[in-house]
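Structure provided below as structure tokens; questions to follow.
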Amino acid sequence: MKKLLGTLCALALSTAVAAPAFADGHGSKTKLRIQTHYAPETPSGKLAAEYIDDIQTMSNGEIEVEMFYSSSVVKSVETFDAAATGILDCDMTGGSYQTGKNPAFQFVGDIMGGYDTPYQQLSWLYYGGGLDAAQDLYNKFDMELIGWWVYGQESFASSKPITKVADFKDWKFRSPPGLETKIFENLGAKPIVMDFTEIFTALETGIIDGADASGLANNVGLGLYDLVKYANYPGFHSMPSDHLACNKAVYDEMPEHHQRIMKVAMQALALKTALTFEKKNAEAAAMLTEQGVTLSAWSSEEKAKFRAAAQDAWDDFGTTPEAKALMAAHRKYLKQLGLIK
């Protein structure tokens, strides 16, 4: 009897000790190393930090993130591979850096000549069949697409006025890799592909005449208009979908509630990003005008010329089955929205 009572007491004690571990919500830990190309002082860098704080807080500390800004571990274009191979866990740059792997990444990274607003582009992902098509592509490279954050149309930074398509002739500018280089070459420009972190120095030293870097507010954060005094606003040519994509094996190991936290928090980040940049780009435009930077708003006719050139380049660029599937999904949704015929 004494032995039985001792056993029961020991079980009761162990249960009492273990109970708080379940009651306070603590369980499995998820530790992630995430890199973004954005500097922490830019609006996008600050929004990325908010996302990290959200997922850590909502998980009650079960998700722990070591965050790297300004592509401090590997170059921006190498972030995806670094996550896929375990150097990092997640890539918080954008799909357009991976067009060398498969041109299909262009159509999840920057659908040039496509949507007018971030809300349209996000609605394609979540309600236009985009997520399934995109996830198939990412999974082929052992990655899981967590979500998008789209800050809206980009603006150029230039040492000369860029007010119409004809102004692109012989314009030497920083371009991301992929479809954009083909479009602008066809329009007479001289795109130079370089890392996001190299833009300021290249402008400063005159290697390039201008840059397709980011939205107006982010360009201010990068200091580009300290060097050159021309921009276009509102933008029209490029609306990148920055992504969060994680090593699929790492993602699959996460508890389901961690997975859900990360994906739902990305939807919140997407909305905050779109709303933030509507305000910040307008504020940046007013500030730059006061500082003597010339902002050019393109006419509908000139925008139509660019859209036509971009659409013509889609089929030439998107030659793989994955790219064709994504283009078909975009065209179907763009027609539903009345943006193309």
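Out of the residues in segment 270-298 that are over 13 Å from Asn218 (Cα atoms) and of a type in the set (D, E, K, R), which is surrounded by the most Cβ atoms within 10 Å (Cβ to Cβ)?
So, considering only residues that are over 13 Å from Asn218 (Cα atoms) and of a type in the set (D, E, K, R), the one surrounded by the most Cβ atoms within 10 Å (Cβ to Cβ) is Lys272.
May I pose another question? Within the bounds of segment 30-44, is there any residue that is modelled with pLDDT under 95, in contact with a helix residue (DSSP H, G or I) (Cβ under 9 Å, 6 or more places away or on another chain), under 30 Å from Cys90 (Cα atoms) and not in a loop (DSSP other than H, G, I, E, B)?
Checked segment 30-44: at least one residue is modelled with pLDDT under 95, in contact with a helix residue (DSSP H, G or I) (Cβ under 9 Å, 6 or more places away or on another chain), under 30 Å from Cys90 (Cα atoms) and not in a loop (DSSP other than H, G, I, E, B).
So, in segment 181-226, how many residues would count as being among the hydrophobic types (A, V, I, L, M, F, W, C), within 20 Å of Asn281 (Cβ to Cβ) and surrounded by fewer than 19 Cβ atoms within 10 Å (Cβ to Cβ)?
Qualifying residue count for the region: 1.
Another question, if that's okay. Suppose we filter Tyr115, Tyr97, Tyr119 for residues that are within 22 Å of Ser44 (Cα to Cα), touching a helix residue (DSSP H, G or I) at 6+ places or on another chain (Cβ under 8 Å) and not in a helix (DSSP H, G or I); which single one remains?
Values: Tyr97 fails: not in a helix (DSSP H, G or I); Tyr119 fails: not in a helix (DSSP H, G or I).
The unique qualifying residue is Tyr115.
Which members of segment 253-267 meet the condition of being in a helix (DSSP H, G or I) and either in contact with an Asp or Glu (Cβ under 8 Å, 6 or more places away or on another chain) or of a type outside the set (Asp, Glu) (or both)?
Keep residues of segment 253-267 that are in a helix (DSSP H, G or I), which gives 253, 256-267.
Within segment 253-267, His257, His258, Gln259, Arg260, Ile261, Met262, Lys263, Val264, Ala265, Met266, Gln267 qualify.
Only one of Lys248, Lys324, Lys332 is of a type in the set (Lys, Arg), assigned by TED's automatic domain parsing to the domain that holds Thr36 and either surrounded by fewer than 18 Cβ atoms within 10 Å (Cβ to Cβ) or farther than 25 Å from Ser158 by Cβ (or both). Can you tell me which? Let's see the steps before the verdict.
Working: Lys324 fails: assigned by TED's automatic domain parsing to the domain that holds Thr36; Lys332 fails: assigned by TED's automatic domain parsing to the domain that holds Thr36.
When all the criteria are applied, what remains is Lys248.
Related question: May I ask you to verify whether Asp110 is among the acidic types (Asp, Glu) and surrounded by fewer than 21 Cβ atoms within 10 Å (Cβ to Cβ)? Can you show your working first?
Values: among the acidic types (Asp, Glu): yes; surrounded by fewer than 21 Cβ atoms within 10 Å (Cβ to Cβ): no.
Answer is no for this residue.
Go over the candidates Ala270, Ala249, Ala308 one by one and state the one that is touching a Pro at 6+ places or on another chain (Cβ under 8 Å) and hydrophobic (A, V, I, L, M, F, W, C).
Values: Ala249 fails: touching a Pro at 6+ places or on another chain (Cβ under 8 Å); Ala308 fails: touching a Pro at 6+ places or on another chain (Cβ under 8 Å).
Of Ala270, Ala249, Ala308, the one residue that is touching a Pro at 6+ places or on another chain (Cβ under 8 Å) and hydrophobic (A, V, I, L, M, F, W, C) is Ala270.
Whether any residue in segment 281-294 is among the hydroxyl-bearing types (Ser, Thr, Tyr) and outside the structural domain of Tyr230 (by TED's automatic domain parsing) is what I want to check. Give the derivation first.
Initially, segment 281-294 is screened for residues among the hydroxyl-bearing types (Ser, Thr, Tyr), giving 289, 294.
Then drop every residue that is not outside the structural domain of Tyr230 (by TED's automatic domain parsing), which leaves none.
Looking for residues that are among the hydroxyl-bearing types (Ser, Thr, Tyr) and outside the structural domain of Tyr230 (by TED's automatic domain parsing), one finds none in segment 281-294, hence no.
Quick grid of which residues meet (1) within 14 Å of the chain's Cα centre (by Cα); (2) surrounded by 24 or more Cβ atoms within 10 Å (Cβ to Cβ); (3) outside the structural domain of Tyr251 (by TED's automatic domain parsing):
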| residue | (1), (2), (3) |
| --- | --- |
| Ala83 | no, yes, no |
| Gly95 | yes, yes, no |
| Lys101 | no, no, no |
| Ala104 | no, yes, no |
| Tyr115 | no, no, no |
| Pro118 | yes, no, no |
| Leu122 | yes, no, no |
| Tyr126 | no, no, no |
| Gly129 | no, no, no |
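Moving on to the next point. Pick from segment 101-131 the residues that are β-branched (Val, Ile, Thr) and out of contact with any strand residue (DSSP E or B) (no Cβ under 9 Å at 6 or more places or on another chain): which of them is farthest from Trp298 (Cα to Cα)? I'd like the intermediate steps shown before the answer.
In the first step, residues of segment 101-131 are kept if they are β-branched (Val, Ile, Thr); the result is 108, 111, 117.
Right, trim to out of contact with any strand residue (DSSP E or B) (no Cβ under 9 Å at 6 or more places or on another chain) and you get 111, 117.
On the way: Ile111: 19, Thr117: 16 Å.
Across segment 101-131, the extreme among qualifying residues is Ile111.
Are any residues in segment 248-265 out of contact with any helix residue (DSSP H, G or I) (no Cβ under 7 Å at 6 or more places or on another chain), of a type in the set (A, V, I, L, M, F, W, C) and within 16 Å of Thr57 (Cα to Cα), and if so, which ones?
Of segment 248-265, the ones out of contact with any helix residue (DSSP H, G or I) (no Cβ under 7 Å at 6 or more places or on another chain) are 249-250, 252-258, 260, 263-264.
Now narrow it down to the ones that are of a type in the set (A, V, I, L, M, F, W, C): 249-250, 254, 264.
Correct list: Val264 only.
Continuing with the same structure: Of the residues that make up segment 300-309, is at least one surrounded by 13 or more Cβ atoms within 10 Å (Cβ to Cβ), more than 20 Å from the chain's Cα centre (by Cα) and of a type in the set (S, T, N, Q)?
no
Now a separate question. Is it the case, given these coordinates, that His243 is closer than 20 Å to Val108 by Cβ and either outside any helix (DSSP H, G or I) or not hydrophobic (A, V, I, L, M, F, W, C) (or both)? Outline the logic, then answer.
On the way: closer than 20 Å to Val108 by Cβ: yes; either outside any helix (DSSP H, G or I) or not hydrophobic (A, V, I, L, M, F, W, C) (or both): yes.
Against the criterion (closer than 20 Å to Val108 by Cβ and either outside any helix (DSSP H, G or I) or not hydrophobic (A, V, I, L, M, F, W, C) (or both)), His243 qualifies.
Among the residues of segment 139-149, is any modelled with pLDDT of 95 or more, in a helix (DSSP H, G or I), out of contact with any Ser or Thr (no Cβ under 7 Å at 6 or more places or on another chain) and buried (at least 24 other Cβ atoms within 10 Å of the Cβ)? Step through it out loud before you land on a result.
Applying the first criterion (modelled with pLDDT of 95 or more) to segment 139-149 yields 139-149.
This time we only want the ones that are in a helix (DSSP H, G or I), so: 139-140.
Among the residues that remain, those that are also out of contact with any Ser or Thr (no Cβ under 7 Å at 6 or more places or on another chain) are: 139-140.
Add one more test, that the residue is buried (at least 24 other Cβ atoms within 10 Å of the Cβ), and what stays is none.
Within segment 139-149, none of the residues are modelled with pLDDT of 95 or more, in a helix (DSSP H, G or I), out of contact with any Ser or Thr (no Cβ under 7 Å at 6 or more places or on another chain) and buried (at least 24 other Cβ atoms within 10 Å of the Cβ).
Another question, if that's okay. Output the residues belonging to segment 284-307 that are in contact (Cβ under 8 Å) with a residue 40 or more places away in the chain and not in a loop (DSSP other than H, G, I, E, B). If you could, list the steps in order and put the result at the bottom.
Narrowing segment 284-307 to residues in contact (Cβ under 8 Å) with a residue 40 or more places away in the chain: 284-285, 287-288, 291-299, 302-303, 305-307.
Result: Ala284, Ala285, Met287, Leu288, Thr294, Leu295, Ser296, Glu302, Lys303, Lys305, Phe306, Arg307.
The values are calculated or read from the model by the stated rules, or taken from the named source; none is laboratory data. Because the structure is a prediction, the values reported are computed rather than measured. Every residue, glycine as well, gets a Cβ built from its backbone with ideal geometry; the counts of neighbours run over all protein chains shown.
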